1. With a cap of 11 neighbouring Cβ atoms within 10 Å, and only residues DSSP puts in a loop, list the trypsin sites (Lys or Arg not before Pro) found in segment 52-113.
2. Sorting 54, 23 on the 10 Å Cβ count, fewest up front, what's the list?
3. Please arrange 86, 103 by how many other C-beta atoms lie within 10 Å of their C-beta, fewest to most.
4. If the chain between residue 48 and residue 22 were fully stretched, how many nm would it gain, using 0.36 nm times the residue separation less the Cα-Cα distance?
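The numbers here are math on the coordinates, done by the rules we state, and not lab data. None of these values were measured; they are calculated from a predicted model. All Cβ positions, glycine included, derive from the backbone under ideal geometry; neighbour counts span all protein chains shown.
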Amino acid sequence: MWHMGASPNAPWPPLDAADGPAFVHAYMNPSLASEAVPDAETACALVDRHWTAFSERILRFSDSELEAPLGPVAGPYKDAPLVGLLLHIVDEMIHHGAEFGVLRDLYAHRPLT
């Protein structure tokens with residue numbers, strides 16, 4: 001859960017990023033990595049809080065910011081638009097969430113011998 005709640009960097013999402021380039025820089029900067037959380041309850045709360053904040057932040061981007069290239073900080077993805085990065089983040093949330101669901105179901109149906 002920590003990976004989804006705090007990944008990739010803290011503070012996440014970068015709510016104080018003034019524009020698309022600042023958001024991308026905050027996303028790509030590995031020096032901002034956050035610490036692991038102590039338990040599942042804290043991790044779930046972190047995911048909820050950060051997902052809500054992320055959702056609110058992306059609604060504030062203008063169409064031109066969403067269509068602008070990520071720039072040099074994104075390395076090989078420098079020409080990709082910001083909307084592509086945002087979709088990647090959503091995809092991470094979906095596929096990791098599905099993995100958690102599988103693990104939950106496997107644990108619930110494990111043999112009790």
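1. Numbers: sites: 57, 60, 78, 104; in loops: 60, 78.
The qualifying sites are 60.
2. Working: 54 18, 23 24.
In increasing order of surrounding Cβ atoms, one gets 54, 23.
3. Details: 86 19, 103 10.
Fewest-to-most ranking of 86, 103: 103, 86.
4. Details: separation 26, 0.36 × 26 = 9.36 nm, distance 2.32 nm.
That pair, residue 48 and residue 22, stretches by 7.0 nm at full extension.
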